[in-house]
Amino acid sequence: MNVASDSRPVLLIDMANTFVRNYVVQPDMSSQGMQVGGIVGSLKTIRRLVSDLSPKKVVVVWEGGGSSKRRALYSEYKAHRKPSRLNRFYEDDIPDTEDNKVWQMAMLAKLIKKLPLTQVYVQDCEGDDVIAYLCRNSFRDDNKIILSNDRDFYQLLDEKTNIFSSQSKRIHTMFDVEKEFYGIKPKNFALAKALCGDASDNIKGVKGLGFKTLTKRVPIIASSEDITIDDVVDYCNVRRQEAKVMSNICEQEKLIRLNWRLVYLGGKTLDHSQESKVDTIIEQSESKLDLLGFMRTVNEIGIRSIESPHSFCSSFNILHTR
């Protein structure tokens, strides 16, 4: 393989995030009157990125039902999340059902199987953890681009790992994180989240603490070195009188340590059997295009908003193993 091919990135797709975003905003309907926006929008998003980024491999990572390890640590983890709702393009008499959402995901997985893409589904874990494992193990030495709007992945950014956000429609690098979060480096982003909390995951942070206040009161968090919880607590302990939030950090050390275990994408978030399954899928995956099967499935679903399937699939020829 030549140098140019080696430098092409591996595209890692956070499918839950990508699907939900398209499910909510895309108004496409099938010829049978079924909502298919999640399917169509997700496929077009993937095709566009394959065309723009020319990846050497695409791995689609599905959510595996959530992490039982995290729920065992904190039963309220990701609780109270509002369900995804369809947007105004749909008429009021079209039901917004969980059945349709599940059906769309099943049909999307069926279509992706016909394309030269690799799908990974590991039960009883989060897709985030699988993507983190792929970044730090399977594709450790490769250039990688993660497709997701989830800021949890900021902690994975480095010289070989970037994120493409379909929301901002641009690639985010490790330097973008520093600019957005007051100098905090990706290597310390998980710790910063453990301190500040994350409302979207129902994780409570230290009272009175946000990212801006954190970097002002605890400037070591913006260090280029790996900072630990012990470093932060020790720093605040000798400065308790400077601000109430410093005392709060010391008093809520137990909360911070719990939060760290919830937000950090590393360590042993996957057990050995889960890691082995991921390894097997990646090692045995073949990039093959089943054009006839793709066309049949498109017709079966009744998708009308994809141009000629043959033309659509040609965008994936760069991934096809010859």
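Here are the numbers for the structure shown:
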{"quantity": "Relative contact order [Cα under 8 Å, 6+ residues apart], segment 166-322, whole percent", "calculated": "18"}
{"quantity": "Summed side-chain charge close to V238 - residues other than V238 whose Cβ falls under 14 Å, Lys, Arg +1, Asp, Glu -1", "calculated": "-1"}
{"quantity": "Contact order normalised by residue count of segment 93-175, Cα under 8 Å, 6+ apart, percent", "calculated": "17"}
{"quantity": "Rg in Å to one decimal, and Dmax rounded to a whole Å, for segment 98-255 via C-alpha atoms", "calculated": "18.8, 63"}
{"quantity": "Calculated FRET efficiency for the pair K212/S31, C-beta based, R₀ 41 Å, to 0.05", "calculated": "0.20"}
{"quantity": "Spacing of the two label points (7 Å from each Cα toward its C-beta) at E180 and Q284, in nm", "calculated": "3.7"}
{"quantity": "The chain, relative contact order [Cα under 8 Å, separation at least 6], %", "calculated": "23"}
{"quantity": "Sequence-distant lysines (8 or more away, or on other chains) whose Cα lies within less than 24 Å of K160", "calculated": "K56, K57, K144, K169, K179, K185, K187, K193, K268"}
{"quantity": "Surrounding net charge for D271, when Lys and Arg each add one and Asp and Glu each subtract one, Cβ distance under 14 Å", "calculated": "-1"}
{"quantity": "Residue-normalised accessible area of the chain, expressed per residue, 1.4 Å probe, Å²", "calculated": "49"}
{"quantity": "Positive dipole terminus of segment 191-237, leading residue within S224, A194, G205 (C-beta point charges)", "calculated": "G205"}
{"quantity": "Efficiency of FRET from Cβ geometry, L292 and S247, R₀ 56 Å, rounded to 0.05", "calculated": "0.25"}
{"quantity": "Binned Cα-Cα distances of the chain, short to long, each 20 Å bin given as a whole percent", "calculated": "29, 54, 16, 1"}
{"quantity": "Protection-proxy order for peptides 65-71, 304-310, each taking the mean of Cβ atoms within 10 Å per residue, highest first", "calculated": "65-71, 304-310"}
{"quantity": "Ordering of 131-142, 272-283 by burial proxy (mean other Cβ atoms within 10 Å per residue, highest first)", "calculated": "131-142, 272-283"}
{"quantity": "Accessible carbon and sulfur surface of the chain relative to its total accessible area, %, 1.4 Å", "calculated": "49"}
{"quantity": "Cα gyration tensor shape of segment 169-230, rounded if a/c is under 1.5, else prolate or oblate by comparing a/b with b/c", "calculated": "oblate"}
{"quantity": "Counted charge near F181, where neighbours are those whose Cβ lies closer than 14 Å (Asp, Glu -1; Lys, Arg +1)", "calculated": "+2"}
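The values are calculated or read from the model by the stated rules, or taken from the named source; none is laboratory data. Just so you know, these numbers come straight off a predicted model, no measurement behind them. Positions of Cβ are generated from backbone atoms using ideal geometry, with glycine treated the same way; all protein chains shown enter the neighbour counts. Surface accessibility is based on the protein's heavy atoms, side chains included, excluding ligands, DNA and RNA. Shrake-Rupley method; radii C 1.70, N 1.55, O 1.52, S 1.80 Å.
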